[in-house]
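We did not get these values from a lab; they are worked out from the coordinates using the rules stated. Because the structure is predicted, anything quoted here is derived from the model rather than measured. Cβ: placed from backbone, ideal geometry, glycine included. Neighbour counts: every protein chain shown.
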Amino acid sequence: MEILIAAAAAVLQPHMLVIILLGVTAGLFVGALPGLTATMALALMLPFTFSLEALEGLVALGAVYMGTIYGGAFTAILINTPGTPSSIATTFDGHPMAKQGRALEAISVATIASVIGGVVGVAFLLIAAPPLAQLALRFGPAEMFWVAILGLTLIGSLATGSLLKGLLGGAIGLLIGTIGISPVGGESRFTFGWPPLQGGISLIVALIGLFVIPELLLMIRRGHATLETPADLGRSRFQFGAALRTVLAKPGNLIRSCAIGQVIAIIPGAGGSITSLVAYNEAKRWSKSPETFGKGNPEGVVASESSNNVMVAGSMVPLLTLGIPGAPPDAIILGVMLLHGLRPGLDLFTQTGVLANGFIISMGLAALMLIPVGLLGGRLIYKTILRTPHYYLVPTILIITILGTYALRNNIIDVALMLGLGVVGFVIRGLGLGAAPIVLGLILGTIAEQGYVQSILGGMALDFPQMRLFVNPLSQVLIAIIVLVIGWAAWPQNLRRKKD
Amino acid sequence: MSLKSASSKGLFVGVVAAFAASAPVLAQDFPSRAIEYIIPFDPGGESDITARLQEPLMQEALGVNVNVRHQPGGGGAVAWSDFQSNAEPDGHEIIGINTPHIVAQPIQRADAGYTTDGFDIITWFHLTPHVVVVRADSPFETLEDLIEFAGENPQSLTMGGSGTFTGNHLETLRLMELADIRVTYIPFTGTGPLPAAILGGHVGAVMSNATLAVEMGDNVRVLAVASEERLETLPDVPTFLELGYDVVGGTYRGVAVPNGTPADRVEMLADLFAQMNETLGERQIPMGYQMTDIRGQDAIDLMTRMREQYGDFLN
Amino acid sequence: MQIRINTELYGGLFGMALAAIFWFNKGNMGFLSAVFPDAVLIILATVSGLLILRGLIAGEPTLLDVSGAGHVISGVAIMALWWLGIRYVGFVTTSVPLFVALALMMKRREGPLSWRDVIITVIVATVVAGGFFWVFTEVLGIRPFRAPLL
């Protein structure tokens, strides 16, 4: 407790608050630009943090991280484009809300949900880090394989229309993910004799290509913007109170989404990309009126945005206690910690407790600062997008996506892949193949492959190496969940409900 | 005043002062614009963090901007092949290189897109020796225990490491050959997942870099280190040589320019990296790095030796 | 304009074609690299096959709105030119004219263009392309494009 108070005192300094404010603001705009990820934002800040004290540096990184994940919500809501992979699910209901002229309401809901998620994640980290860390260690290769399979069952609800088409999209995503160096075998495959393809098709490249470019082509085709202008823009307010009531009206949804965010955050390597999808899926499953999802139901936004912001602090659990980076941005934070002579472990909370706890508390503060920064920034971005004529908006977004995709890996080939995938994505969207199942397949393919092949390798001494996938208790629990999920979806009554 | 005298003066008055002192002297015709320093891996790794530490020191010494850029993909191959086909050989574009990657990939892949000899190596500036690590409560107290178990139970001991055809993998293969044992090597994507693999008991042991062993502290037991002599930071850990196995190796990191870069510029950059090592060493040696300065013919010999040591495993 | 199209049949054919392309470019892979893609290819081919079957047996043609297809093709062409320009000419020198072309193409559908529109668009294009280029290169630190001009 003394450590906590000392840590809070160290963070509640004026210059610290300024660092957090600047970090959150910068992160917000970076996250709102398609192609610019949290990883990139943190990497850019590295040299800057070297000149700071250890705590200041970590606080700055934490604030930017929190801001970026949240900033992804804006473009998701306003132009149907997830700024970061973790806000894919925000597009499902956030954008329909914007189309109905409820963009500011959607932003307010997203903001409140993000703040709650961020604070809950910090609370988990302060209270329950050691047991959560032990849980994280249980996820070995076999468990990861089943996690990926469980994730793939999401296709059932992501598929708009026919399940077969959803499966087709998922399989295409899995296939795209195999391009490049095979994660376990180490050989290069499906490069079609072209060396640049060794790098594979990065998730973000596919994400931008499949989400943004079709949206732009749609605007080009229709000749008008997809966003509805509310009747009286001047008077449209944040509707903060109404949004707060919306969020709190369904506490079950909120609690469930936060719990999902926390559990997925500690599974090493699953990353934040699927948290929001899982939370969204569950929100829809447990809702009394699942048919309203995808048509502008704020609950969908709540589920997505609360879960993905839990993940920011949540992924610090394996990082701080075990030195396991759960998501790519965590690797950078780990690097900074090591440079300052901080070794991950439970000692971090006792011996250098002021530092570790100060860092954690600062993330809570960063989450709280999302309210003013997010609402003002959100309104600014919203008005800019709304007032820009569509014929300037389309080429501008195109320029940003081109630069953002290039910035990702400093690779001009990625830009070509992004544009190419986008055009193909536009065409197959007409055939009923949506982007979400493809991206889901791409995210989970590598995890599934690694888990499967590593498990088989680990079972080489057994008669049937595949048995390795089934022997661990946690694997069996996961298999049971998978059976339940598929069974639930296939239950005749639910099938009928879905059709209605 | 030559660079050499600048650096010896630097030893006297402190390294940073030397950077400042040498700056105006060097500002002749090189560098005439910002230096592009490409890191062919993701941010946050050891290559990246090292480059980020070098960045401000280089800027001070050279008097121009140094831009560290990431171009990850294909285990480094994407950046290396782009670099060899497009970079200007004038010293303003430099790229991070690693062993055994740049030796192994062109042998093992049909489409690596670059060649080992296509680089002019400035210097290999540091090395992270390989180590064999087990969890602190593992029954293997010594390397001998581990080798004995693996000898009696072929393939049932699993050994994790970073990637396939990487240093960790090739070193495991070499240990298997020398000790006449068969373990199952399980590749992970990079060093990041390895702590979880050890602590969670998903693998029996890990072949990794000394930095990981230092980072994980008391949670693990380090059985052997593949350096010539014991490491300062791990004084109780025997070397493989002491234990009777000729396993010496690790991941060398260095920087390179395209073929045809003027030799005096390569020389000057090599001096600069060697000079920066003195500052970096204060931070990095306790983390498990060994600072080196292997350049010119020595750098080429190093790669020839690697080809001999590991070449058989790659075909 | 609307066309009727059997989306299940064509979706299935697309998946099958993709599976075939990858299948014939597998090359020589070891077991560890091949086991997963093989499984994916089998799944893809199966799902595609089922879709084709369903499309043939019970396929109901879906009405697809293809009005404005000409605009889409122009848009795609502009994107292709954009990439080629960035790669071989220069970022700003490519982006400004193509920004103008795309914007005017879209604006023209609202009514005839005046010279004033053209001038304003050129200014906007220069500011946007130059501004974002500056932000990305100077502030966010991307590597300069390997192209002869700016």
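Counting every other Cβ atom within 10 Å of each residue's Cβ, A:Glu299, B:Glu55, B:Glu215 order from fewest to most as B:Glu55, B:Glu215, A:Glu299. Between A:Ile255 and B:Glu148, the FRET efficiency from the beta-carbon distance, with R0 = 60 Å, is close to 0.70.
Mind running the shape call on chain B? Use the C-alpha gyration tensor, a ≥ b ≥ c as the square roots of the eigenvalues: rounded below 1.5 for a/c, prolate if a/b tops b/c, oblate otherwise.
Values: a/c = 2.25, a/b = 1.69, b/c = 1.34.
Because a/c hits 1.5 or more and a/b exceeds b/c, chain B counts as prolate.
Once you average over the residues of B:39-46, how many Cβ atoms of partner chains fall within 10 Å of each Cβ?
On the way: counts 2, 2, 0, 6, 11, 14, 4, 2.
Mean partner-chain Cβ count within 10 Å for B:39-46: 5.
Here the average projected area of the convex hull drawn through the C-alpha atoms of the stretch A:27-140 stands at 8.6 nm². If you count Lys pairs in the protein assembly as shown whose Cα atoms are under 27 Å apart, skipping same-chain pairs closer than 8 places in sequence, the total is 29.
Which of the GluC sites (Glu not before Pro) across the stretch B:217-315 are loop residues per DSSP, with 12 or fewer other Cβ within 10 Å?
Taking the stretch B:217-315 and a limit of 12 other Cβ atoms within 10 Å, the loop GluC sites (Glu not before Pro) found are B:Glu228, B:Glu229, B:Glu232.
Does a label point 7 Å from the Cα of A:Ile479, set along Cα-to-beta-carbon, have any residues of the stretch A:131-161 with amide nitrogen under 12 Å, and which are they? Output list for this probe position: A:143, A:146. To the nearest 0.05, what FRET efficiency results for A:Ile127 and C:Ile119 with a Förster distance of 45 Å applied to their C-beta separation? E between A:Ile127 and C:Ile119, to the nearest 0.05, is 0.15. Set the Förster distance to 35 Å, then compute FRET efficiency between A:Ile371 and A:Phe464 from the Cβ-Cβ distance, nearest 0.05. Step by step, r from the Cβ atoms, then E = 0.05. Between C:Val135 and A:Ile486, the distance separating the two model label sites (each 7 Å from Cα on the Cα→Cβ line) works out to 4.6 nm. Please state the shape class of chain A: rounded when a/c is under 1.5, otherwise prolate if a/b exceeds b/c and oblate if not, all from the C-alpha gyration tensor. It is rounded, given that a/c, with a ≥ b ≥ c, falls under 1.5. The Cα center of the stretch A:368-393 and the Cα center of the stretch B:208-236 differ in position by 52 Å. Just name one of C:Ser114, C:Asn25, A:Asn281: the one whose Cα is farthest towards the positive end of the charge dipole of the protein assembly as shown (beta-carbon charges, Lys/Arg +1, Asp/Glu -1). Positive-end residue among those listed: C:Ser114.
Given the stretch B:129-225, what percent of its DSSP beta bridges are antiparallel, to the nearest 5? Working shown, then result.
Details: 9 of 16 bridges.
DSSP beta bridges in the stretch B:129-225 are roughly 55 percent antiparallel.
Per residue of chain A, the DSSP helices (runs of n ≥ 4 H) give a summed -39500 (n - 2.57) that works out to -24500 deg cm²/dmol at 222 nm.
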